[in-house]
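Novice: Can you read through this structure? Questions will come right after.
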Amino acid sequence: MAISGTMGVFIFLLTHFVTSLADKQDLSGKMFTFPVESDTAHVILVPNQSKSLTAVTVCLRFFSDLSRPQSLFSFATPINANAFLLMKREWKGVIEINEYDNVVLFRELEYIANRWNSVCATWNSQTGIAQLWVNGKPSTRKGVRRGRDISGTPSIILGQDQDSYGGTFDKAQSFVGMLTDVHIWDKVLPYPEIALYMNGIPQKTGGNVINWSSLDFTIKEYVLVEELVNGLTN
């Protein structure tokens, strides 16, 4: 039996509510491993707050050998599946920021296969300016969308690109590899703090929206929580 759009959103929000009752976990020194290409395996992250975002910083580390496009981070709202998407493109050294279907490509970034890569992405609604940091080096600054915030109950997913709120995944864009140290802030993180993250130096406080050391999450299908391996040296 088909589920109406309204009922589907209700069930999704109910799932988030039930999930939020679970104890948060400290994943310091651990990682999510996505062992296979699929259109089902993913991790749902439950934010510490659901207020509208007028700015955002997303930081994470990834380890993969894929050259094809793959989703690094997917943030959707009920009105837009691409409220804030980080996608590693098929072209070497290119990462896409998609913010409310406004796409910008950042080129000549020095991420490398089969090693840990540190990524931070920032965006400010007042100026529309977005920027990426990859393994300690900044990208150029580019305009994405200006003057509007990110509003609505968020659906935050690792391992897949949401083509609809909370679902409609594409196997060809799934993440295969390992992810760790995922944090989200409701502000543009200043350079000194980004530099600390890039160098693997523990910060006094993690993300206030998503915090890796106090994480509320649900694993769907074939994803593992494992001890961090291969080190974090860039």
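Novice: Determine the dipole magnitude for region 24-227: charges of +1 sit on the beta-carbon of Lys and Arg, -1 on that of Asp and Glu, nothing else is charged, the reference point is the Cα centre, and the result goes in debye to the nearest 20.
Specialist: For this selection, approximately 620 debye.
Novice: Could you derive backbone 3J(HN,Hα) for region 209-219 from the dihedral phi with the Karplus parameters 6.51, -1.76 and 1.60 (θ = phi - 60°), listing whole Hz in sequence and x where the residue is Gly or Pro?
Specialist: Values, residue by residue: 9, 10, 10, 4, 8, 8, 10, 9, 8, 10, 8 Hz.
Novice: Find me the longest stretch of the chain that has none of the exposed GluC sites (Glu not before Pro), where exposed means in a DSSP loop (not H, G, I, E or B) with at most 15 other Cβ atoms within 10 Å.
Specialist: 111-220
Novice: For every other residue with a beta carbon closer than 13 angstrom to the beta carbon of R89, add +1 if it is Lys or Arg and -1 if Asp or Glu, then tell me the sum. Can you show the working numbers first?
Specialist: Working: positive: R68, K88, K92, R107; negative: E90, E96, E108, D161.
It works out to a net charge of 0.
Novice: Say the dipole of the chain comes from +1 at the beta carbon of Lys and Arg and -1 at that of Asp and Glu; which of V94, A172, W116 then lies farthest toward its positive end?
Specialist: Value computed over the given set: V94.
Novice: Considering all alpha-carbon pairs of the chain, what whole percent are spaced by more than 23 angstrom?
Specialist: The calculated P(r) of the chain puts 44 percent of pairs beyond 23 Å.
Novice: If you plug each phi of region 88-96 into the Karplus form 6.51 cos²θ - 1.76 cosθ + 1.60 with θ = phi - 60°, what whole-Hz ³J(HN,Hα) values come out, in order, with x for Gly and Pro?
Specialist: 7, 7, 6, 7, 4, x, 10, 10, 9
Novice: Next question, about the same structure. What residues qualify as long-range amide H neighbours of G177, i.e. H under 5 Å apart, gap of 5 or more or another chain, H built at 1.01 Å from N?
Specialist: Distant-sequence amide H within range of G177: F34.
Novice: Give the aspartates and glutamates whose C-alpha is closer than 19 Å to that of K171, dropping any in the same chain fewer than 8 places away, or say none.
Specialist: The qualifying aspartates and glutamates are E37, D39, D65, E90, E96, D161, D163, E221.
Novice: While we're on this one: What number comes out for the charge environment of E99, summing +1 per Lys or Arg and -1 per Asp or Glu over other residues with Cβ under 13 Å away?
Specialist: Numbers: positive: K142, R145, R146, R148; negative: E96, D101, D149.
Net local charge, E99 excluded: +1.
Novice: Right, another one. So which of K24/K220; K142/K220; K92/K187; K51/K142; K24/K137 end up more than 23 Å apart by C-alpha?
Specialist: Numbers: K24/K220 17 Å; K142/K220 35 Å; K92/K187 29 Å; K51/K142 25 Å; K24/K137 32 Å.
Beyond 23 Å: K142/K220; K92/K187; K51/K142; K24/K137.
Throughout, read-outs are computed from the coordinates displayed, never taken from laboratory work. These numbers were taken from a predicted model, which means no experiment stands behind them. Cβ sites come from the backbone with ideal geometry, for glycine too, and all protein chains shown count toward neighbours.
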